[in-house]
Structure formats: structure tokens, C-alpha cells
Amino acid sequence: MRCDLSSGEHNTMPSADYAADFIGGRMLGSRLYWDEVSAGTGALDPDNCLFIMPGPLTGTAATACSRWVMSAKSPHSFPDQYGFGNGGGFFGAGLKHAGYDGLIITGKAREISYLLIENETVVLKSAPGLRGLTTDETMARLKAEHGSSARVVCIGPAGERLIRFAIAMTDQGGGLSNGMGAVMGSKNLKALVVKGNRKVDVAHPERVREINQQARLLRKGLNESVFMTEPMLEGIDKVKAAPCYSCPAACSRANYKHTSGLVEVRVCLQKVPNSSGIKLRDGFASLIH
């Protein structure tokens, strides 16, 4: 799907023209960048393209294949040059379930907006009420509007202000680095919301099941992930693991409950033995996205 934020127009292009030679979201995004972005384009110019590319198995039952990339000419390095952020969570799978192997975003919206993709329906929606909100607040607002199944990637105040190292955030505590938040902000793009209900077909599902079994067998008996998800901080308890789409790893992403009753998906910072006598902060301030 190609979306021009300046005109509001969108259309599709066949991914088969590239897929045979450029396998994977990072590879495909790099090739499209080469074709679409000129050497003289600045990272924060409207002509810069933002590419969102899942991997070929994202959205399927393949184990640990939920990764996707957001790439563009990046303002993070000097001079501006190609860069990408790597994301997990459910957004990449959501894009595939909406029927797309990737998303190309060009131009700049006239005012702060978000892009809503629901299968074949693509709408650029004005969102002045989202201006200045944090990523947590933005996700909560958009999920309240479009349902808990909506997959969101968004920016906070830093991205809006074009801070060159601003990140974009997605569900399950995922962050996309390399200034991708600033690129979104330069396009007046506060967020992307995807909802899809289509199945991603697999040519050989029986082979996927075999490989999944092999991958999970290799992890049998490993308990590192159990330790990684235990916060060991006063006032916070783990409720349950919250792995990314089709991932059995159960890394430090989990649902944590604070004594206030608040339950959120966070990435836990591990407590180390505190022999120095330094007082550790409690509450969700001790957790990072």
C-alpha cells in the first residue's frame, strides 16, 4: 500500500516485483528506499519516504517471526542517511492481516493526523486532540476509539517537535529507533492504526509446524526467560507474560500490576543485588517501555 499524505490518495503495487530478490522486511525496505528517495532529499522533508515492512512470515504461525522494520532517510545521523528501527509486538502482523506486505508513506499531512487502515479501507483522519499526548496516552485514546484489537504505532511530544533521535512506539512496549519518530512528526503523522481480519496463507503449513516444534524443542529446559520477567521490585507483581505475535520466548515483556491496581504491558528493568544501600524507586517509574 502506498499512501500520499499530501493528497490523501492511496493505491497498491505488487510486491511480487521485488519479493523474489529482496527477502525480508529490512531488505525490501532498503531496496524501495534506493528506488524512491533521492540523494538530495532531507530526512525531515515531505519527499522523504517512510517504509513499514514486515517479514515474509509475519502474521503466520511461524515461531518468532513477528518482526518488522520502519525505515527512511534518518535524521539521527549526520549527514542524513538511511536508517531503520526494528519493531515487534503485533503491528507487523496486523498489517499483514489487513492484506499488505508493506506500507510506503510519502508527503506531509496538512495538520496533525493519523492513518487508519482497515483491510481495503484507508483513511487519513485529522487528530488535533492527540497533539502533545504521550505515546501511552495516544495508544489508549486510539484503542478506545477503534477497539482493543487495533494495532497502533505512534509518536509522543519529542517526535512532534522533530527531535532528531525521537523514537516511535508500538504495542507490547516496542520502540523504533534511529529517529523514526522525528520522520513521522515531519509528516504530521501522529500514529498509524491497523485493523485486519484476513488470514496469511502459507504454502506448506505442515513444514511450518515441523520447524515450530524443532524451535521450541531447542528451548526446552531453558529458564532464563522466567527470571527476566520477574520485576523483583516492591509494589509491582507480574501477572502474565506478554510475548509478541507468535513468539514463545516470554522475554521481559509482561503484564505487570502496580499496587494502585494499574495493569500494563511493560518491559522490566532487572533489580541487581543492592549491597550499595542505594534506594530503588518503586512503581511503574522503575519500568521502561
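Observations on the model:
- Residue that is nearest to Gly8 (Cα to Cα) [pool: residues in segment 167-189 that are more than 14 Å from the chain's Cα centre (by Cα) and of a type in the set (A, V, I, L, M)]: Leu189
- Of the residues screened, Glu230 is not one that is modelled with pLDDT under 95, over 19 Å from the mean Cα position of the chain (by Cα), surrounded by fewer than 20 Cβ atoms within 10 Å (Cβ to Cβ) and not in a loop (DSSP other than H, G, I, E, B).
- For segment 33-86, the set of residues classified as over 14 Å from Val183 (Cβ atoms) and among the small types (Gly, Ala, Ser) consists of Ser38, Ala39, Gly40, Gly55, Gly59, Ala61, Ala62, Ala64, Ser66, listed by residue number.
- Qualifying residues in segment 108-124 (those that are polar (S, T, N, Q) and in a strand (DSSP E or B)) - the one farthest from the chain's Cα centre (by Cα): Thr121
- When residues of segment 1-32 are limited to those that are out of contact with any helix residue (DSSP H, G or I) (no Cβ under 8 Å at 6 or more places or on another chain) and polar (S, T, N, Q), the one nearest to Gly107 (Cα to Cα): Ser6
- Test for Gly59: is it assigned to a loop (DSSP other than H, G, I, E, B), of a type in the set (Gly, Ala, Ser), touching a residue at least 12 places away in the same chain (Cβ under 8 Å) and crowded, with 21+ Cβ neighbours inside 10 Å: yes
- Selection of segment 1-31 for residues being exposed (fewer than 15 other Cβ atoms within 10 Å of the Cβ) and either within 20 Å of the chain's Cα centre (by Cα) or among the β-branched types (Val, Ile, Thr) (or both) yields Thr12, Ile23.
- Taking the criterion of being aliphatic (A, V, I, L, M) and over 19 Å from Arg161 (Cβ atoms), the residues of segment 119-135 that qualify are Val122, Val123, Leu124.
- Qualifying residue in segment 210-217 (condition: in a helix (DSSP H, G or I), closer than 29 Å to Asp80 by Cβ and over 17 Å from the mean Cα position of the chain (by Cα)): no
The values are calculated or read from the model by the stated rules, or taken from the named source; none is laboratory data. Owing to the predicted nature of the structure, the values given are computational and were not obtained by experimental measurement. Positions of Cβ are backbone-derived with ideal geometry, glycine not excepted, and every protein chain shown enters the neighbour counts.
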